[in-house]
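Computed from the coordinates by the stated procedures, all read-outs in this text should not be read as laboratory data. As the structure is a computational prediction, the values presented were derived from the model and not from experiment. So basically every Cβ, Gly included, is an ideal-geometry build from the backbone, and we count neighbours across all protein chains shown.
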Amino acid sequence: MPALSPNQARIGLILVAYAAMLTVASFFVVFQGASDEPYGVYRRYDALVQVGLGTALIALWCSWSVAVVVFIVAQKLPKAWLSALLWVAICLFYLSFSPVGYLKDLEQFVIPGSGLDEVWTDRHPP
């Protein structure tokens with residue numbers, strides 16, 4: 001494997017630092033959601049973290065993935081960086097439960113007469 005140029009090393013370092021920050025924030029959201037579930041009452045903080053921050057992190061992980069692919073196609077990063085997309089997929093999988101799970105709990109426990117919980121169970125039987 002050829003040595004990385006200084007520009008490639010700099011790009012790689014920036015992407016690693018960005019991924020590390022996204023990983024820490026993702027762990028925070030996922031583990032907080034797991035420890036607080038089920039959400040039986042509405043709290044603005046929980047909504048902001050689970051829906052707002054969870055969705056923002058999903059978008060940021062997607063943009064990180066696009067950046068990696070673009071840098072690989074432009075030959076600014078080696079193809080070995082494609083393996084990092086596996087970590088992104090794992091993070092996106094667990095992060096997707098944050099907004100969806102929070103809203104499902106609200107529909108089931110906080111707004112039980114809304115009919116939204118029946119729509120969910122009609123489409124996805126237990």
query: Any idea which of Val110, Phe93, Trp64 is furthest toward the positive side of the dipole for the stretch 36-115, if Lys and Arg beta-carbons carry +1 and Asp and Glu beta-carbons -1?
result: Trp64
- request: Relative to the longest principal axis of the C-alpha atoms of the chain, give the angle of the C-alpha long axis of helix 6-36, reported between 0 and 90° and rounded to the nearest 10°.
  value: 20
query: For Tyr45 and Val69 in the same chain, what is the full-extension length gain: residue separation times 0.36 nm, less their Cα-Cα distance, in nm?
result: 5.2 nm
query: Residue by residue, what Karplus-based ³J(HN,Hα) values in Hz, rounded to whole numbers, does the stretch 92-98 have, using 6.51, -1.76 and 1.60 with θ = phi - 60° and x for Gly and Pro?
result: 5, 4, 6, 5, 5, 6, 5
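Quote the relative contact order of the chain in percent (integer), defining contacts as alpha-carbon pairs under 8 Å separated by 6+ residues.
Details: 83 pairs, mean separation 44.3, N = 126.
Once divided by the residue count of the chain, the mean separation gives 35 percent.
With 10 angstrom as the radius, rank Asp36, Asp105, Asp46 by how many other C-beta atoms surround their C-beta, starting from the fewest.
Details: Asp36 15, Asp105 21, Asp46 18.
So the residues, fewest neighbours to most, are Asp36, Asp46, Asp105.
Would you mind getting me the FRET efficiency between Ala89 and Asn7? Use the beta-carbon distance for r and R0 = 30 Å, nearest 0.05. Walk me through the numbers on the way to the answer.
Working: r = 28 Å, r/R0 = 0.92.
Efficiency, from the Cβ-Cβ distance: 0.65.
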- line: For the stretch 6-123, the charge dipole (Cβ of Lys, Arg +1; Cβ of Asp, Glu -1; about the Cα centre) points to a positive end, and the Cα of Leu77, Tyr18, Ala47 closest to that extreme belongs to Leu77
query: Hey, what number do you get for the chain at 222 nm if only DSSP H runs of n ≥ 4 count, each worth -39500 (n - 2.57), divided across all residues, to the nearest 500?
result: -21500 deg cm²/dmol
